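Working notes, structure below.
The values are calculated or read from the model by the stated rules, or taken from the named source; none is laboratory data. From a predicted model like this one, the values you see are computed outputs, not experimental measurements. Neighbour counts are summed over all protein chains in view; Cβ atoms, including those assigned to glycine, are modelled from backbone coordinates with ideal geometry.
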Amino acid sequence: MLLAIDTSAGTSVAIVDRDAGILAERSVADTMRHAEVIGGMIQECLSASGTTRDALSGVVAGMGPGPFTGLRVGIAAARTFALALGRPLVPVVSHDAIAFAHYGSAATVGTAIDAPLLVVTDARRRELYWSAYSGVDALGLPVRRGGPGLAKPGEVSTTVLDGLAFAGEVERLDAAEISAGALGMVAELSFAAGRPFAADEPLYLRSPDVMLSTGPKRVTR
């Protein structure tokens, strides 16, 4: 079983099992209270699923893309929890969870499906995060063709898709939330198939809104 955490949009926590699926999930859409709610949500999911910490085999972290302030809370929580348990951290691209949930029952079909999809989430500053998928493979895992990337709203449906040269119409999905349950299932299926996980590096895709000063402060009178 895995504990999955994502704070790239709101805050979502889940306990998942490869065979039993999503055992418990808690989500809050508020993008300003990640740090306040995440600890309680982890405990709620453990209790609701009847899972002890020792039963967990790893901790999944949604690596974004997402705004700096929110995204780092979930990644830090996942890393801390994994370290305390002595279990591995499993990095997964958050957009892959959105695509996985969208394709849904394709995970049980056993055949690859060609269904182009453009996943879009809010990056603030009048920009969007995007990832493009050609469909799902025989395991039901989304096949990412491009991204994650950052673009202006007017560029997503033109420059981005033109560059990827999809044949035919591409469905666009503007998502406001990421399911930690779906994130965890992507990790479970990827591990079972021997697929590589994402890089253990947050996908901020740009500099943080607030930069820390590295030099001496100027003193004026």
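Numbers below:
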read-out: Candidate set: segment 48-67, residues that are buried (at least 18 other Cβ atoms within 10 Å of the Cβ) and of a type in the set (A, V, I, L, M, F, W, C); chosen: the one farthest from the chain's Cα centre (by Cα); value: V59
read-out: Residue that is farthest from G149 (Cα to Cα) [pool: residues in segment 68-80 that are out of contact with any helix residue (DSSP H, G or I) (no Cβ under 7 Å at 6 or more places or on another chain) and surrounded by fewer than 23 Cβ atoms within 10 Å (Cβ to Cβ)]; value: T80
read-out: Filter result (surrounded by 11 or more Cβ atoms within 10 Å (Cβ to Cβ) and out of contact with any Leu (no Cβ under 7 Å at 6 or more places or on another chain)) within segment 164-175; value: L164, F166, D174, A175
read-out: Test result for I38, touching a Ser or Thr at 6+ places or on another chain (Cβ under 8 Å), within 19 Å of A182 (Cα to Cα), part of a helix (DSSP H, G or I) and β-branched (V, I, T); value: yes
read-out: Residue match in segment 153-163 (condition: among the small types (G, A, S) and not in a helix (DSSP H, G or I)); value: no
read-out: Residues that are at pLDDT 95 or above, in contact with an Asp or Glu (Cβ under 9 Å, 6 or more places away or on another chain) and aliphatic (A, V, I, L, M), drawn from segment 1-36; value: M1, L2, A4, V13, A14, I15, V16, L23, A24
read-out: Number of the condition not met by A138 [criteria: (1) touching a Gly at 6+ places or on another chain (Cβ under 7 Å); (2) within 28 Å of M41 (Cβ to Cβ)]; value: (2)
read-out: Pairs where the first residue, in segment 51-62, is in contact (Cβ under 8 Å) with a residue 12 or more places away in the chain and the second is outside any loop (DSSP other than H, G, I, E, B) and aromatic (F, W, Y), C-beta under 6 Å, 6+ apart; value: V59/F81
